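Step one of this worksheet: look at the structure below.
Please treat every number below as a calculation from the coordinates, not as lab data. It should be emphasised that the depicted structure is a prediction, and the values quoted were computed from it without experimental measurement. Quick reminder, even Gly has a Cβ in these numbers, built from the backbone with ideal geometry, and neighbours come from all protein chains shown.
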Amino acid sequence: MARTRKPKAPKCAVEVYARAVVAGQVVAGRLVRLACQRHLDDLTTAAKRGLVWDAAAARHAIAFFSHLRHSTGEWANHPFELQPWQGFVIGSLFGWKRADGLRRFRTAYVEVARKNGKSVMLAGTALYALVADGEPGSHVYAAATTRDQARIVFGEAERMVDASPPLRARITRTVNNLAVMSTSSWFRPLSADATKMDGLNVHFAAVDEVHEHPNAEIIQKLNTATGARRQPLIFEITTAGHDRHSVCWQHHEFSVKALEGTIPAESADSWFAYIATIDPGDDWTDPLVWGKANPSLGITVKVEDLKRQVEEAREMPAQQNAIRRLRLNEWTEQVTRWLDMEVWDEGGPPKGSDLATVKVGLDAVGERITGQPCYGGLDLARVNDLSAFVLLFPPTGEGDLGSKWIALCRFWVPEEDILRRSRRDRVPYDVWRDQGLLVATPGNTTDFAFIEQEILELAACYDMRELAFDRTFAGEIVQNLQDEGLTLVQFGQGFLSLAAPTAELERLSVSRALWHGGHPVLRWNASNVAVRQDPAGNIKPDKERSTERIDGISALVNALGRAMVRGDGERSIYEERGFLIF
């Protein structure tokens, strides 16, 4: 009697996708390839770390989506068919387990361009956590910056329930609540008011558009609310942002390190990451690279629509950041591009240098150029914010930095409530203070006497020809510095004064003729700058339009403006090519 062959288990969709990406059969960027390679490597090595791959659990989660239906657009009433990349994400999250049988991943960070089906995937996953995850009393939340934003995911889940007879029979729907009475489980949209989140007992949280979160409070509250659960999951989905000090950027960077294997496995093993973006050096206008950021290209992402938007952005630079960020999932530095931060970074130490190394380099150059001619620029805080002072040294033609303009900076912020200011501005003032890159002055308001004394000490070390200041916020400190023998010059903040040095600062950065030593506070200021343009095409920094503080750049432009007016004999590049005329 012939043996009955045991039927083969269906191929694992997660592994199929991972192998196709790694083999180059699927258009994918470096970080997606790393995510896929991580999965394949873990299949052979993760058991040593107490991790188990449960292909049946992965198939169960993926199959759940076949019971759901789309509710809007051309796909309305069609069954939800996961795209291969979505199957990889969902299967990975629910297929990987620890040796005790509980879920491996406790945080998932998924970053892809718009229109790729992020929100509907998030809604479907939340429903799975509600009814099919084997968790009694499952408390599921959709969290976002506003209740309306949270309702985007929750509303999609409501419509999925309405369109599915099996779910409709099991789930009771009331206002802002989907409940499974038999298991005391519910799914609700969560208010963005973090102060009202105490007492939550989170099994699953769907966090949409993380790049829009003004701070880390909501995500921190959700994380601390999972402590009583056996296998909680915080599922974050977003497009790229522009704020390099946001919680989204922090999670993006941690995800990259987890994929690259540069953090210990014990930290990375519970963190899932999938980041679909074009790679550095890619031509963002090339259709061949669009699939890297749009894994649903040709399905939910219409090629012709994307092509039209890219072509418009190519002709209108003001639109480029929005298109590159939202449709090609590329992190940008500000909403409207001015300075190219990759180019800016070439004016300092190698990328990735730690703050201690940056500080040592700045101090070393400061000592080397003691006594050299320079021009000062001052931008004082109105009451209790960041104040900046920049010394700008023209090229000398001597040494390794002889062909460059050198900028040395000082920044001050009031000491009291420095942690509150750090949260408000979403930058590490306290870390910069501890590293000696920013000075915290006594009290809770700008200490002009303290700043005045430091300026006098710096003027004694260097040959400061002039100090330019904005007359609007100067006050008594100007008279005191003049009484000490310094030459101070009022510097207007209109186009007449600022247009030439603003354009020249951009030229110096692009031509790699500016050395700033990688000062992190100045870099933050530079990344925030948006510019205003007059009808003649002149530009100047615009504090109102800029995303965050730009005080250091304002001070630098003031100093450069006086250097351009005065020149510096044979040491100035202006003797060689003349002034810019506006």
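Which whole-number percentage describes the relative contact order of the stretch 341-577, with Cα contacts under 8 Å and a sequence gap of 6 or more?
Rounded, it is 29 percent for the stretch 341-577.
Mind listing the long-range amide H neighbours of residue 142? Cut-off is under 5 Å, sequence gap 5 or more, other chains count too, H placed in the peptide plane at 1.01 Å from N.
Placed amide hydrogens put 188, 190, 206 under 5 Å from residue 142.
Provide the percentage of antiparallel DSSP beta bridges, counting only those with both residues in the stretch 13-275; round to the nearest 5.
Percent antiparallel among DSSP bridges in the stretch 13-275 is about 30.
When a/c reaches 1.5 or more, the comparison of a/b and b/c decides; with that in mind, is the stretch 100-204 rounded, prolate or oblate per its Cα gyration tensor?
Here the stretch 100-204 falls in the rounded category.
If you compute Rg and Dmax of the Cα atoms in Å for the structure shown, which of (1) 32.9, 122; (2) 27.9, 110; (3) 25.0, 89 do you land on?
So the calculated entry is the one marked (2).
Take the alpha carbon atoms of the stretch 411-522, find their radius of gyration, then divide it by 2.2 N^0.38 Å using N residues; give the quotient.
1.23
Could you rank the peptides 293-305, 107-119 by their average count of other C-beta atoms within 10 Å per residue, with the highest value first?
The densest-packed peptide leads the list: 107-119, 293-305.
For residue 13, what charge total do you get from the other residues with a beta carbon under 12 Å from its beta carbon, if Lys and Arg give +1 and Asp and Glu give -1?
+1
Hey, how much of the P(r) for the stretch 179-275 falls beyond 17 Å, as a percent of Cα pairs?
57 percent
Out of all DSSP beta bridges in the chain, what portion is antiparallel? Express it as a percent rounded to 5.
Given both bridge residues lie in the chain, the antiparallel proportion sits at roughly 40 percent.
Kirkwood Rh over alpha-carbon pairs of the stretch 330-444, then Stokes-Einstein at 4 °C and 1.567 mPa s: what D in µm² s⁻¹, rounded to an integer?
Working: Rh = 16.2 Å.
For the chosen part, D equals 80 µm²/s.
Counting other C-beta atoms within 10 Å, and keeping those with at most 15, which DSSP coil trypsin sites (Lys or Arg not before Pro) do you find in the stretch 354-390?
Here the trypsin sites (Lys or Arg not before Pro) that fit, given the DSSP loop and packing criteria, are 382.
Ranked highest first by average number of other Cβ atoms within 10 Å, how do 272-278, 496-502 line up?
272-278, 496-502
Please turn the phi angles of the stretch 259-264 into ³J(HN,Hα) values with the Karplus equation 6.51 cos²θ - 1.76 cosθ + 1.60 (θ = phi - 60°), one per residue in order, whole Hz, x for glycine and proline.
Listing the rounded values in order: 5, 7, x, 9, 10, x Hz.
From the backbone phi of the stretch 203-218, what are the Karplus-calculated ³J(HN,Hα) couplings (6.51 cos²θ - 1.76 cosθ + 1.60, θ = phi - 60°) in whole Hz, Gly and Pro given as x?
Karplus values, whole Hz, x for Gly and Pro: 8, 9, 10, 9, 10, 9, 6, 4, 5, 8, 6, x, 7, 8, 4, 4.
Restricting to DSSP H runs of at least four residues, report the calculated mean residue ellipticity at 222 nm for the chain, -39500 (n - 2.57) per run over all residues, nearest 500 deg cm²/dmol. It would help to have the intermediate numbers written out before the result.
Details: 23 runs with 234 residues, N = 582.
After summing the helix terms and dividing by the residues of the chain, the value is -12000 deg cm²/dmol.
Using r as the Cβ-Cβ distance of residue 78 and residue 430, and R0 as 45 Å, what FRET efficiency do you calculate, to the nearest 0.05?
After rounding to 0.05, the efficiency reads 0.30.
If contacts are Cα pairs under 8 angstrom and at least 6 residues apart, what is the relative contact order of the chain in percent?
Working: 1056 pairs, mean separation 71.0, N = 582.
Dividing the mean separation by the residue count of the chain yields 12 percent.
Looking at the stretch 341-577, what % of its DSSP beta bridges pair antiparallel, to the nearest 5?
For the stretch 341-577, the DSSP antiparallel bridge percentage is about 50.
When only Cα pairs under 8 Å and 6 or more residues apart are kept, what is the percent relative contact order across the stretch 13-275?
Relative contact order comes out at 22 percent.
Listed here are the pairs 115/221; 48/97; 115/302; 118/302; which of them are more than 20 Å apart at the Cα?
In this structure, 115/221 exceed 20 Å between Cα atoms.
Under 30 Å between alpha carbons, and skipping anything fewer than 8 positions from residue 404 in its own chain: which lysines qualify?
351, 359, 540, 543
Can you tell me what percent of all Cα-Cα pairs in the stretch 341-577 are more than 21 Å apart?
Summing the P(r) tail past 21 Å for the stretch 341-577 gives 54 percent.
Residue by residue through the stretch 443-451, what is 3J(HN,Hα) from phi via Karplus (6.51 cos²θ - 1.76 cosθ + 1.60, θ = phi - 60°)? Round to whole Hz and write x for glycine and proline.
So the J values, rounded to whole Hz, are x, 10, 10, 4, 9, 5, 5, 5, 4.
Can you tell me what percent of all Cα-Cα pairs in the stretch 281-397 are more than 24 Å apart?
53 percent
Run a plain Debye calculation on the stretch 13-275 (Cα atoms as equal point scatterers, no solvent) and give log10 I(q)/I(0) at q = 0.09, 0.10 Å⁻¹, rounded to two decimals, same order as the q list.
The Cα Debye sum returns log10 ratios of -0.37, -0.46.
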